[in-house]
2 protein chains.
Amino acid sequence: MPDYQAPLRDLRFVMDELLDYPGHYAGLPGGEDASPDVIAAILEEGGRFAREVLLPLNQRGDQEGCVLEGGEVKTPQGFKEAYAQYVDGGWPGLAAEPEFGGQGLPASLNLALSEMICSSNLAWGMYPGLSHGAADALRHHGSDAQKASYLSKLVEGVWTGTMCLTEPHCGTDLGLIKTRAVPDDEGGYRITGTKIFISAGEHDLTENIVHLVLAKLPDAPEGSRGISLFVVPKYLPESLPDAGGRVGERNGVSCGSLEHKMGIHGNATCVINFDAAKGYLVGPEHKGLACMFTMMNEARIGVGIQGLGLMEASFQNALAYARDRLQMRALSGTKAAAKPADPIIVHPDVRRMLLTQKALAEGGRMLVMYTGQLVDLAEHASDAAERERAETLLGLLTPIVKAFLTELGFEATNEGVQVFGGHGFIAEWGMEQFVRDARITRLYEGTTGIQALDLLGRKVLMSQGETLKVFTKEIHTFCQAQADNDALKGYVEPLSRLNAEWGELTMAVGMKAMHDRDEVGAASVDYLLYSGYVALAYLWARAADTASQALAAGKGDEAFYRAKLATADFYFQRLLPRTRGHAEMIRAGGVSLMALSADEFGLGFEI
Amino acid sequence: MPDYQAPLRDLRFVMDELLDYPGHYAGLPGGEDASPDVIAAILEEGGRFAREVLLPLNQRGDQEGCVLEGGEVKTPQGFKEAYAQYVDGGWPGLAAEPEFGGQGLPASLNLALSEMICSSNLAWGMYPGLSHGAADALRHHGSDAQKASYLSKLVEGVWTGTMCLTEPHCGTDLGLIKTRAVPDDEGGYRITGTKIFISAGEHDLTENIVHLVLAKLPDAPEGSRGISLFVVPKYLPESLPDAGGRVGERNGVSCGSLEHKMGIHGNATCVINFDAAKGYLVGPEHKGLACMFTMMNEARIGVGIQGLGLMEASFQNALAYARDRLQMRALSGTKAAAKPADPIIVHPDVRRMLLTQKALAEGGRMLVMYTGQLVDLAEHASDAAERERAETLLGLLTPIVKAFLTELGFEATNEGVQVFGGHGFIAEWGMEQFVRDARITRLYEGTTGIQALDLLGRKVLMSQGETLKVFTKEIHTFCQAQADNDALKGYVEPLSRLNAEWGELTMAVGMKAMHDRDEVGAASVDYLLYSGYVALAYLWARAADTASQALAAGKGDEAFYRAKLATADFYFQRLLPRTRGHAEMIRAGGVSLMALSADEFGLGFEI
């Protein structure tokens, strides 16, 4: 069974040394509660919970899966008890507002804890994971009465939330949804329709489930402008419509079936049938998609963290195996003469795989925690301009966090399997589960293709590149400040070149797209991956700066800082060159993609 | 459930038009039987068998898996009947020598049929698949008596074969094996030990199973020079040691357990216990590894074909879905106004994924059938120099076929999942099974890392680059011949540059490796992938030549040839640029890989 230790030392490096989280928290309202000691204690406790409570349930949950019987979903053994401990520990409301029962700590702290949960048990993590988004949507768009009914329950964690968007015939294109909402005579609505792929849509962890559902009103305009958001509880709170309190009458919501899927078996992925279910409008009529985006942006960062968490888990176990497994002698000469063969970590290609995992996981952690500060600032910075800047950068980085960390998370978990050789394919070792669990992250909350269109089309080109400039300017400023720093030369020079090229590539695609909008889609995924590599290069260069300063200052812990520098070297020499291919493919444009008709694609086998 | 049509039109293009298989077969001994009509009929019949018999069992086999009860393995429902049909149809002995009951057709023909089997049911294909290698090892290294006992049974298919190499503590490093062979007083040996990961090690498809087993004699030298090869039947042929005939007494061979694994659930992956089992030496004492390589080289090409077959299957189903699924309007304007949304094949990024699958599958097919001619020629060319040249090229291309087609096969099957969006993750659609089944191909018969060392270390550098030059010279000759062909300019120029760079990169690594042998391992996987992309570029350039000649000659079927050219364009513009990253990473060398000690890898989480 895989093992896992929360990467507390690396988190401390990222939060305390690289990104000055202590200073960041001190500047936030309520930041006095987020002292370094408190943060360290919470992270340590979170790591303990992940390792001791969640990890032992992960493999068993994969094997057992969820079972639907008589309309009720039974989660794998131990999931319910672990959830109760999670609620008892006060984890659900850590970053929620005190007025709704939360502890008022900064949202970014949740991101660090999320990583640990995803590393130790992704399927379990999806139950509480979606509640954050549901709570956020209600907090931003719900009426006071709705907040009173639902929010504190979600914050406490005694109820969980879902996002009900997808239907059998539409996922990306929500304008096509068929679920209907008809006003009833009690000031509410009756919701009818079928939603699919509803994660945590039905389960036995909590007494109630709060569904946030997209549906169309009878007079709705066509397409995505005619979608409204409703809150639809599994059990109606006692005095309808929304006075809150104990769980009341069962609503017309039921789980029709569970999906059999490649991974995250411990999570119930439900078909949810709404049969004239009682629902309440959240936010204005026909503005449901905008409200839903509140949930979705948070959920997208959450999915990126899933990619990160799985990379880290796979890395730790691959590393342990590579130190232990004896196979062949090093090409450069025997290293462990007393043993029948050398541990495979002596082999350069095994090291390449491990360092790929390590550089991506540590780089991903920096990216997530960098983004976490933007999450905090976009909501709480005292200065409006600072809030706006954070909001802009957050919009730019959200699709990168989501898609880059999940694409690379899938690669990294596969490297973990590869380090194990044939044993990686065997369920017992747990390495293949990381791959199967990781596979969904490239798909849900918007596929990589959708994230890439969001980044290049909506965020970058629609702003005439201004959004991108906010970030490239920050990188440029860093590079200029380090221009004379010999210790950073090997990082700053390539970073500076790529940063300039990023703008050039953007301009090149933008020019083509003026004549042909398909050029955006043709370049988008390569553009997103390119962007991800540059963003990580920026953070790795900063990490190298922090590490070399720590070494120069004689802060102690030298091995840690030297390892940081070596990993930065690996990233720049052995991963960053992938940008060369992406840049060339972006420049090649879309002509070769659009040449064939739909029929002509299949002429090799249709005869 | 996925559908599948054998790509007969494309095979005809590759075999008849691109590689002049009719001429090739005419030049082989017995080639008169392999007339174009006969070949076409066999391929068509093979395609029918794959689609009608094997395909319907694939998904069910995955869900059912194999069951071990009372020492007997029950394969999924229908597997046994399908195997009986396979034997009745004479498929096992298609390319075997008539003296052992075979039909004497060229070995390359089996490769084309293998692709179809792998596309339709990889797990099933592993039962007969390993018999070829076992038969080959006996044919090359077995005594006449052994051939009489076992070979015709394997050729007929009434028995199947296995390769018993791996043990719990060693896979790559076979010098470490512990299985022992002790001479008995009947002229045979008693084999004792445990082998793992034995594909088709036990099953209910045939009355007997012939294990080819690596073991050590009592006086064996240390390491891989002390390994001998034994044939160990599940049931002993009637009159021992080896007179052949009906199945006799049960041997001391048993299946200890079945592995639970990520994919190929329909294939029994066995722990096989040898308990003083009667065995017979194959080939000379202590030369077992060399004998085993006869099986392994064939098996490696076979695994490459598995990658190809899965790409093709995934491509066909992704294409069908992309034509059918309606989602969003094309960015460049509505394409299917009568429908609520456009089919997703209008979107450039969906096309990018489909074309990636298509260009890799069609390219892979060219590479396999190009290699197939070398297989034929290495054994049967009348001219010794031609045999030697074929042997050399085959040695160079075998690790590329194995590792490149499986690495890219995994990518391509994942693109297939991605085209389906969230539905790709759901078992019902069958797309995720292709991914799980493909995952093993990067591991077994030598991981990608091992293939890469074989290519760069053993084949290329150990020959001082001479082996590589045989191939790059052929490419160079092609490029020179086409220098004035304007129709091919866009292909020949980049191909020519890459072909030269291939030699330069080889030289650069070779120079470094003279001082530090770890530089070979540090460059190897990037070198193998680079090599694969260039090999495919060569074949895609030739395909473009063939297609443009066909168009110029007005041969008809214009849409097919135009699609071929468009796919070549896509390959050169949107896949081949990946060489830029690999080249840069090869040049970067191994310094950044070797900097950390084994302990320093884990300092981020070990505190």
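General observations
- Tallying residues that are more than 28 Å from A:A523 (Cα to Cα) and of a type outside the set (A, V, I, L, M) within segment B:549-572 yields 6.
- Residue within segment A:131-152 that is open to solvent by less than 10 Å² (accessible area, probe 1.4 Å) and within 14 Å of chain B (Cβ to nearest Cβ) present: no
- Residue in segment A:599-607 that is among the β-branched types (V, I, T), open to solvent by less than 10 Å² (accessible area, probe 1.4 Å) and touching a helix residue (DSSP H, G or I) at 6+ places or on another chain (Cβ under 7 Å) present: no
- Residue tally, condition polar (S, T, N, Q) and either under 22 Å from the mean Cα position of the chain (by Cα) or outside the structural domain of B:P237 (by TED's automatic domain parsing) (or both), over segment B:191-211: 1
- Taking segment A:330-360 as the range and being of a type in the set (D, E, K, R), buried (at least 19 other Cβ atoms within 10 Å of the Cβ) and over 26 Å from the mean Cα position of the chain (by Cα) as the test, the residues that pass are A:D342, A:D349, A:R351.
- All positions within segment A:128-160 that are touching a Ser or Thr at 6+ places or on another chain (Cβ under 6 Å) and in a helix (DSSP H, G or I): A:L130, A:S131, A:D136, A:A137, A:H140, A:L154
- On the stretch given as segment B:169-226, residues that are open to solvent by less than 30 Å² (accessible area, probe 1.4 Å) and of a type in the set (K, R) total 2.
- Among residues that are outside any helix (DSSP H, G or I), in the same structural domain as A:W429 (by TED's automatic domain parsing), farther than 21 Å from A:L19 by Cα and in contact with a helix residue (DSSP H, G or I) (Cβ under 9 Å, 6 or more places away or on another chain), A:R329 is included.
- B:L214 vs. criteria under 24 Å from the mean Cα position of the chain (by Cα), within 24 Å of B:R139 (Cα to Cα), at pLDDT below 95 and of a type in the set (A, V, I, L, M, F, W, C): no
- Test: A:F404 is within 10 Å of chain B (Cβ to nearest Cβ) and of a type in the set (F, W, Y): no
- Within segment A:315-334, tally of residues that are among the hydroxyl-bearing types (S, T, Y), modelled with pLDDT of 95 or more and within 15 Å of A:D349 (Cα to Cα): 1
- Scanning segment A:526-575 for residues that are at positive phi and touching a helix residue (DSSP H, G or I) at 6+ places or on another chain (Cβ under 8 Å) gives a single hit, A:D557.
- Restricting attention to segment A:572-598, the residues that are of a type outside the set (A, V, I, L, M), open to solvent by 30 Å² or more (accessible area, probe 1.4 Å) and more than 7 Å from chain B (Cβ to nearest Cβ) add up to 2.
- Condition check for B:P128: surrounded by fewer than 24 Cβ atoms within 10 Å (Cβ to Cβ) and under 22 Å from the mean Cα position of the chain (by Cα): yes
- Subset tally (residues that are part of a strand (DSSP E or B), closer than 12 Å to B:F274 by Cβ and of a type in the set (G, A, S)) for segment B:191-221: 2
- Listing of helices (runs of 4 or more DSSP H) fully contained in segment B:1-119 that carry 1 or more residues being open to solvent by 20 Å² or more (accessible area, probe 1.4 Å) and within 14 Å of chain A (Cβ to nearest Cβ): B:8-12, B:36-49, B:55-64
- Among (1) over 24 Å from A:R352 (Cα atoms); (2) assigned by TED's automatic domain parsing to the domain that holds B:I586, the one test that B:D437 misses: (2)
- Within segment A:267-315, if we keep just the residues that are under 30 Å from A:L355 (Cα atoms) and touching a Phe, Trp or Tyr at 6+ places or on another chain (Cβ under 7 Å), the residue that is surrounded by the most Cβ atoms within 10 Å (Cβ to Cβ) turns out to be A:A313.
- Qualifying strands (runs of 3 or more DSSP E) (wholly inside segment B:228-314; at least 3 residues being at pLDDT 95 or above): B:228-233, B:253-258, B:269-282
- In segment A:416-468, the residue that is nearest to the other protein chains (Cβ to nearest Cβ) out of those that are aromatic (F, W, Y) and assigned to a helix (DSSP H, G or I) is A:F425.
- Only residues that are more than 30 Å from the chain's Cα centre (by Cα) and free of Cβ contacts under 8 Å to residues at least 60 places away in the same chain were counted in segment A:486-520, giving 6.
- Screening segment A:254-266 for residues that are over 13 Å from A:K234 (Cβ atoms) and open to solvent by 10 Å² or more (accessible area, probe 1.4 Å) and picking the one that is farthest from the other protein chains (Cβ to nearest Cβ) gives A:G256.
- Residue in segment B:342-364 that is in a strand (DSSP E or B) and within 10 Å of another protein chain (Cβ to nearest Cβ) present: yes
The values are calculated or read from the model by the stated rules, or taken from the named source; none is laboratory data. Computed from a predicted structure; not experimentally measured. Note that each Cβ is placed from the backbone with ideal geometry, even for glycine, and that neighbours are counted across all protein chains shown. Surface accessibility is based on the protein's heavy atoms, side chains included, excluding ligands, DNA and RNA. Shrake-Rupley method; radii C 1.70, N 1.55, O 1.52, S 1.80 Å.
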